[in-house]
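Remarks on the structure that follows.
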Amino acid sequence: MREVFIVGLGRMGQGIGRRLVRKGHKVGGFDVSQESREGAREHFRVFDNLSQISEFFQERKVVWLMVPHNAVDQAIQELMTYLDEGDILIDGGNSYYKESIRRYQELKTKGVHFLDVGVSGGVYGEELGYCLMVGGDRQAFDLVEQVFKDLSYGGEGYAYLGPSGAGHFAKMVHNGIEYAIMEAIGEGFELLKESGFNYDLREVARIYNTGSVIRSWLMELTQRSFEEFGSLEGVKPYVEDTGEGRWTTLEAVDLSVPAPVIALSLFMRFRSRQSNSFRDRLLAVLRYQFGRHAVKKDEQT
C-alpha cells in the first residue's frame with residue numbers, strides 16, 4: 001500500500017484516485033476548483049488547501065500531478081514548500097518532454113525525484129486500466145512501481161522507458177499516431193457516407209471491428225459515436241488539439257524524420273476551425289482569372 005496525493009482532480013485525476021483506492025492505496029487530493037474537490041470528496045480524502053498535504057503523509061511523499069501542461073510549473077512551485085529530500089513527484093499530464101527534462105534537473109538539485117509519465121486510456125482507464133509510459137530515474141520508478149502496476153491495464157500496461165523525458169516523448173508520439181488514425185477514420189467514413197449506398201455507418205463500424213485488420217479501440221469508439229450521436233447532424237465540425245500533435249510534428253522537423261500523415265492530420269484539425277476560409281475564396285477567384293470559371297457569391301456578405 002502506498003500513500004499517493006493527487007494534485008488536479010479533473011476527470012482523469014479523479015479516475016486515477018478512485019482506481020488506486022480500489023487497489024488498496026491511501027489516496028488524498030487537492031484541486032484549485034471547489035467543484036472538483038467536492039466531486040472527489042466522496043471517494044477519497046480531499047483537502048481544501050495544499051498546505052495541508054503534510055497532514056496526509058506518514059512516510060515518503062508521492063505526489064501525482066494531473067494538471068494542464070501550462071500549469072505544471074506553478075503547481076511544482078507551490079508544492080516545493082512541502083516536499084522533502086527523497087520525495088517523489090510524478091507528472092502524469094501531457095507535458096512537453098523537454099520541459100519535463102528541465103523540471104527533472106531542477107528538482108534533482110533539491111533532492112526530489114521527478115518522473116514523467118505519459119498516461120493513455122482516457123476516462124475508461126479507471127475501470128479497464130491505463131497505459132503508463134514512465135521516464136526518469138530507475139530508482140524512483142522502482143520505489144513506486146506497484147502504483148503503476150495497479151493503475152495499469154491488466155497489470156501489464158506500464159513500462160519504464162528510460163531517463164527523464166522518455167515517458168512524455170513516447171506519449172507525444174502516441175498522440176501523434178492517434179491524430180493520424182482518427183483522421184483516416186474520419187476520411188473513410190465520410191467517403192462511405194457520400195457513396196450513395198446509404199450505409200448504416202454504425203453497422204459498418206461494427207463489422208470493421210469484428211475480425212478485420214483495422215479493428216481497434218478507436219473503431220469501437222467510432223461505432224459507439226454513431227450509436228450515441230446518430231448521423232452527427234447536431235455536432236459542430238470543430239476539432240481541437242491539445243498540443244501533442246503540434247509537438248510531434250515539430251520534433252519530426254527537428255529530427256528530419258518524415259511524418260507527413262501525422263503532420264497532415266494536425267493541419268486538418270486547423271482546417272476544421274475555418275468557417276469562412278480566405279484561402280478557398282482566393283482559389284475560387286484564381287480559377288475565374290485563368291479560366292473564367294464561375295464564382296459563387298456568398299449571400300451572407
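The values are calculated or read from the model by the stated rules, or taken from the named source; none is laboratory data. Quick caveat, the model's predicted, so the values are computed rather than measured. When we count neighbours, we look across all protein chains shown, and the Cβ atoms used for this are built from the backbone with ideal geometry, even at glycine.
Details
- Scanning the stretch 254-263 finds one or more residues that are in a loop (DSSP other than H, G, I, E, B) and touching a residue at least 40 places away in the same chain (Cβ under 8 Å).
- Scanning the stretch 58-73 for residues that are under 17 Å from Glu145 (Cβ atoms) and either part of a strand (DSSP E or B) or under 16 Å from the mean Cα position of the chain (by Cα) (or both) turns up Val62, Val63, Trp64.
- Test for Val261: is it closer than 28 Å to Lys98 by Cβ, loosely packed, with under 11 Cβ neighbours inside 10 Å, under 39 Å from the mean Cα position of the chain (by Cα) and not assigned by TED's automatic domain parsing to the domain that holds Tyr97: no
- Val63 meets the stated requirement of being within 26 Å of Met172 (Cα to Cα), out of contact with any Lys or Arg (no Cβ under 9 Å at 6 or more places or on another chain), at pLDDT 95 or above and surrounded by 14 or more Cβ atoms within 10 Å (Cβ to Cβ).
- Filter result for Gly176 (modelled with pLDDT of 95 or more and at positive phi): no
- Residue count, the stretch 1-49 (criterion: in a loop (DSSP other than H, G, I, E, B) and in contact with a His (Cβ under 6 Å, 6 or more places away or on another chain)): 2
- Screening Ile101, Ile88, Ile76 for residues that are surrounded by 13 or more Cβ atoms within 10 Å (Cβ to Cβ), closer than 26 Å to Glu145 by Cβ, in the same structural domain as Tyr130 (by TED's automatic domain parsing) and free of Cβ contacts under 8 Å to residues at least 40 places away in the same chain leaves exactly one candidate, Ile76.
- Where a residue in the stretch 168-185 is without any contact (Cβ under 8 Å) to a residue 60 or more places away in the chain and in the same structural domain as Pro258 (by TED's automatic domain parsing) and its partner, wherever it lies, is among the acidic types (Asp, Glu) and surrounded by fewer than 19 Cβ atoms within 10 Å (Cβ to Cβ), with Cβ under 6 Å and at least six apart: none
- Contacts under 9 angstrom Cβ, first residue in the stretch 29-46 being free of Cβ contacts under 8 Å to residues at least 24 places away in the same chain, partner of a type outside the set (A, V, I, L, M), 6 or more apart: Val32/Gly8; Gln34/Asp48; Arg41/Gly29; Arg45/Lys26; Arg45/Gly28; Arg45/Gly29; Arg45/Phe56
- Across the stretch 116-169, the qualifying residues are those that are at positive phi and not in a helix (DSSP H, G or I), and the one among them that is surrounded by the fewest Cβ atoms within 10 Å (Cβ to Cβ) is Gly162.
- Considering Arg273, Arg202, Arg215, the condition of being modelled with pLDDT of 95 or more and either assigned to a helix (DSSP H, G or I) or out of contact with any helix residue (DSSP H, G or I) (no Cβ under 9 Å at 6 or more places or on another chain) (or both) is satisfied by Arg202 alone.
- Among the residues of the stretch 215-224, some residue qualifies, meaning at least one is out of contact with any Gly (no Cβ under 7 Å at 6 or more places or on another chain), among the acidic types (Asp, Glu) and either touching a residue at least 40 places away in the same chain (Cβ under 8 Å) or within 20 Å of Val123 (Cβ to Cβ) (or both).
- Considered as a group, the residues in the stretch 229-247 that are in a helix (DSSP H, G or I) and free of Cβ contacts under 8 Å to residues at least 24 places away in the same chain include one that is farthest from the chain's Cα centre (by Cα), and that residue is Phe229.
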